[in-house]
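Data block below; observations after.
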Amino acid sequence: MVFLATPQPTPPAERSFLEVVTKAEAIGSGQGLPSVIALYREWIEIQPSGTRELYAAWFNLGTELNQAGVAAEAMQAYRNALAVKPDFHPAALNLGMMLERQDQPEAALQVWTDALQPDDARVALLNQRARLLEQCGRLADAADTLRTSLLTRSAQPDAVQHWLHLRQKMCQWPILADIIPGLSRQDLIAQSGPLAALALTDDVATQRDVAAGWIDRKTHAAAVRLAPPDGYAHGRIRVGYLSSDFCSHAMSYLIAELFELHDRSRFEIYGYCASPDDGSAIRARVIAGFDHFVPVRALSDENAARRIRQDEIDILIDLNGLTAGSRLQILRWRPAPVQATYLGFIGPVPLPELDYMLCDAFVVPATVAPAYQPAPLYIADMYQANDSKRVIGTPMTRAQAGLPEGCFVFCCFSNHYKITEAMFAAWMAILSQTTGSVLWLVDDNEWSRQNLRLHAMVAGIDPGRLIFAGRVDPAAYMVRLTLPDLFLDTFPYNAGTIASDAIRMGLPLLTLAGRSFASRMAARLLHAIGADDGITGSPADYVAKAVGLASDKNAYAAYRAGFTPQAWAGTMGDIAGFTRRFEASLLRVHRQPAAACALSV
């Protein structure tokens with residue numbers, strides 16, 4: 001961005017600055033060219049200190065130096081611009097972002113805090129400050145900063161989205177608080193963002209509308225559609241998987257073996273990776289599972305799409321959906337004739353260029369399917385991929401895990417943004433009716449821990465009955481699942497990967513099933529092993545069932561008897577069988593129009 005200060009009838013020195021800008025534009029501004037840098041330096045050197053346009057010249061010089069890769073000099077130029085005009089927020093924004101890239105987050109935060117701005121100009125600085133505060137783990141400060149931004153200007157859907165999700169993470173209830181003038185409860189829901197919406201409601205239409213609003217803000221139609229509409233005629237179907245989570249992420253732990261077991265006589269597998277290289281064993285295994293591994297993290301959306309088109313992918317499967325790191329804009333170029341989304345986001349993804357959402361007929365019943373976009377493409381039996389090769393750590397005792405002996409241990413290891421006020425109230429009702437029991441939770445963050453203890457006290461429950469477990473490596477986490485007595489699921493956003501892990505480790509699970517995909521995941525897994533007694537349809541039934549299992553040893557023993565290694569291995573653990581059923585779904589849509597295949601089983 002080249003900055004032209006507000007034109008005014010002024011002396012020749014200011015007109016000469018405009019001439020400098022004009023000449024820079026003619027040479028090629030914004031590219032870091034040495035001649036443009038020299039032009040600004042020469043003009044600055046001959047100006048007296050009080051020259052009105054000096055701040056703009058320093059800013060433009062900083063922009064050119066930044067483009068040239070001279071970070072230290074660019075940052076000094078931005079500081080000089082701020083020294084001349086302290087309320088010049090573009091310089092503060094750029095300087096702060098450069099400091100952040102130099103691994104100086106505190107310095108960046110200080111720059112943005114110190115910038116003196118009128119209300120309208122403060123919004124961008126506040127939002128940048130909130131974003132970095134959240135990245136640094138300072139959730140309460142981030143939420144307070146966003147609230148200040150929204151009090152300045154309420155019409156900010158992105159700020160609303162992040163503010164609400166921070167409140168969810170901190171269990172700062174009620175989430176949809178009426179504390180921002182100009183934002184009603186319905187406004188907050190509409191702007192909550194796709195992930196937050198899954199934990200706010202099980203109404204599919206609402207989830208779809210929230211997702212559509214996000215897609216409209218974050219993506220745009222591409223100039224062209226790259227793939228031929230009639231597809232290709234390859235000897236083997238080329239399947240491309242696109243993700244930013246080919247690293248130590250729950251999605252990779254679920255899907256790694258699917259990549260390995262694809263039938264290479266019929267399919268050729270490509271991995272398009274937008275993930276950071278975390279050096280993890282699971283990342284190495286995922287990469288090894290592809291026939292072709294193509295890093296696209298550094299590519300623009302258009303260039304990544306053109307690379308996929310160059311590879312003539314028959315079916316492109318997006319594994320992010322509407323989660324962090326998503327590269328949905330790539331899909332808008334239609335680089336493959338058939339495009340689907342799977343596993344990463346378990347809700348509507350109404351992107352016009354997506355043809356299918358891979359799922360099953362339990363999580364998305366046919367009666368609800370018309371509310372979803374894109375069209376459901378059913379995998380026979382079960383939607384969830386899994387991995388039979390998960391590493392299990394060394395066995396441990398309850399005492400080693402910090403748990404009391406001789407009591408009934410309820411647990412939930414889901415992230416705290418999934419815990420709603422209503423669900424926590426149900427958990428407290430369960431504890432109040434089961435003397436001596438405890439609730440074991442993951443120690444997600446200090447604010448949610450404090451808030452949950454406070455809400456327990458308000459409910460008349462000793463906060464000491466809430467036990468928080470620090471995060472551990474995946475192998476130790478799997479062992480932990482052998483220690484509790486009953487996993488209490490969240491609603492309306494169920495456990496998915498964790499529910500599968502619990503069943504694998506023989507831990508009984510209790511869920512509340514709703515209308516949406518996200519609210520039916522755990523029920524789907526329980527139904528697969530014949531544990532339908534653990535599926536409830538109302539909060540009252542959920543509480544009663546939990547209390548009954550904790551109070552009746554025979555009922556509990558009978559229920560737990562269904563959670564065997566054989567039950568898991570014969571259902572969600574049958575990775576080879578799942579792979580064949582998954583491939584059968586792909587074969588149905590290869591070179592076929594969406595309308596003909598959407599609800600086929």
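Every residue, every condition in (1) closer than 30 Å to SER437 by Cβ; (2) open to solvent by 50 Å² or more (accessible area, probe 1.4 Å); (3) of a type in the set (Ser, Thr, Tyr), yes or no:
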site: LEU358; (1), (2), (3): no, no, no
site: ALA361; (1), (2), (3): no, yes, no
site: PRO370; (1), (2), (3): no, yes, no
site: TYR378; (1), (2), (3): no, no, yes
site: ILE392; (1), (2), (3): yes, yes, no
site: VAL409; (1), (2), (3): yes, no, no
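Within the range 221-236, residues that are in contact (Cβ under 8 Å) with a residue 24 or more places away in the chain sit with their Cβ atoms under 6 Å from residues that are aliphatic (A, V, I, L, M) and in a loop (DSSP other than H, G, I, E, B), at 6+ positions apart or across chains, in these pairs: ALA227/ALA336.
Yes/no per residue for (1) buried (at least 23 other Cβ atoms within 10 Å of the Cβ); (2) under 17 Å from HIS220 (Cβ atoms); (3) at pLDDT below 95; (4) touching a His at 6+ places or on another chain (Cβ under 8 Å):
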{"position": "GLN310", "(1), (2), (3), (4)": "no, no, no, no"}
{"position": "THR323", "(1), (2), (3), (4)": "no, no, yes, no"}
{"position": "LEU328", "(1), (2), (3), (4)": "no, yes, no, no"}
{"position": "PRO335", "(1), (2), (3), (4)": "yes, yes, no, no"}
{"position": "THR341", "(1), (2), (3), (4)": "yes, no, no, no"}
{"position": "VAL349", "(1), (2), (3), (4)": "yes, yes, no, no"}
{"position": "PRO365", "(1), (2), (3), (4)": "no, no, no, no"}
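Scanning the range 190-211 for residues that are part of a helix (DSSP H, G or I) and open to solvent by 30 Å² or more (accessible area, probe 1.4 Å) returns ALA190, LEU195, ALA205, THR206, ARG208, ASP209. Filter the range 94-110 for residues that are open to solvent by 30 Å² or more (accessible area, probe 1.4 Å) and outside any loop (DSSP other than H, G, I, E, B) and give the result. ASN94, MET97, GLU100, ARG101, PRO105, GLU106, ALA107, GLN110 - these are the residues of the range 94-110 that are open to solvent by 30 Å² or more (accessible area, probe 1.4 Å) and outside any loop (DSSP other than H, G, I, E, B).
Looking only at the range 154-170, filter to residues that are without any contact (Cβ under 8 Å) to a residue 60 or more places away in the chain and in a loop (DSSP other than H, G, I, E, B); which one of those is most open to solvent (accessible area, probe 1.4 Å)? Among those that are without any contact (Cβ under 8 Å) to a residue 60 or more places away in the chain and in a loop (DSSP other than H, G, I, E, B), it is ALA155. May I ask you to verify whether THR579 is of a type in the set (Ser, Thr, Tyr), modelled with pLDDT of 95 or more and buried (at least 16 other Cβ atoms within 10 Å of the Cβ)? So THR579 passes the test. For the range 214-224, the criterion of being basic (Lys, Arg) and either in contact with a Ser or Thr (Cβ under 8 Å, 6 or more places away or on another chain) or buried (at least 16 other Cβ atoms within 10 Å of the Cβ) (or both) is met by none of the residues. Assessment of the range 540-559 against the conditions (within 24 Å of ASP203 (Cβ to Cβ), open to solvent by less than 10 Å² (accessible area, probe 1.4 Å) and part of a helix (DSSP H, G or I)) yields at least one matching residue. Do we find that LEU526 is touching a Ser or Thr at 6+ places or on another chain (Cβ under 7 Å), open to solvent by less than 10 Å² (accessible area, probe 1.4 Å) and of a type outside the set (Phe, Trp, Tyr) in this structure? In short, yes.
Quick one: is LEU126 open to solvent by 20 Å² or more (accessible area, probe 1.4 Å), under 19 Å from ALA92 (Cα atoms) and hydrophobic (A, V, I, L, M, F, W, C)? Yes: the conditions hold for LEU126.
Would you say SER49 is in contact with a helix residue (DSSP H, G or I) (Cβ under 9 Å, 6 or more places away or on another chain), under 15 Å from GLU64 (Cβ atoms), at pLDDT below 90 and in a loop (DSSP other than H, G, I, E, B)? No; evaluated as a whole, the condition is false for this residue. When TRP214, TRP173 are checked against the criterion of being aromatic (Phe, Trp, Tyr), more than 27 Å from GLN450 (Cα to Cα) and touching a residue at least 40 places away in the same chain (Cβ under 8 Å), TRP214 stands alone in meeting it.
The values are calculated or read from the model by the stated rules, or taken from the named source; none is laboratory data. Here the structure is a predicted model, which is why all the values come from computation and not from measurement. Ideal geometry is used to build each Cβ from the backbone, glycine not excepted, and the neighbour counts take in all protein chains shown. Accessible surface is based on the protein model in full, side chains and every heavy atom, while ligands, DNA and RNA are left aside. Shrake-Rupley method; radii C 1.70, N 1.55, O 1.52, S 1.80 Å.
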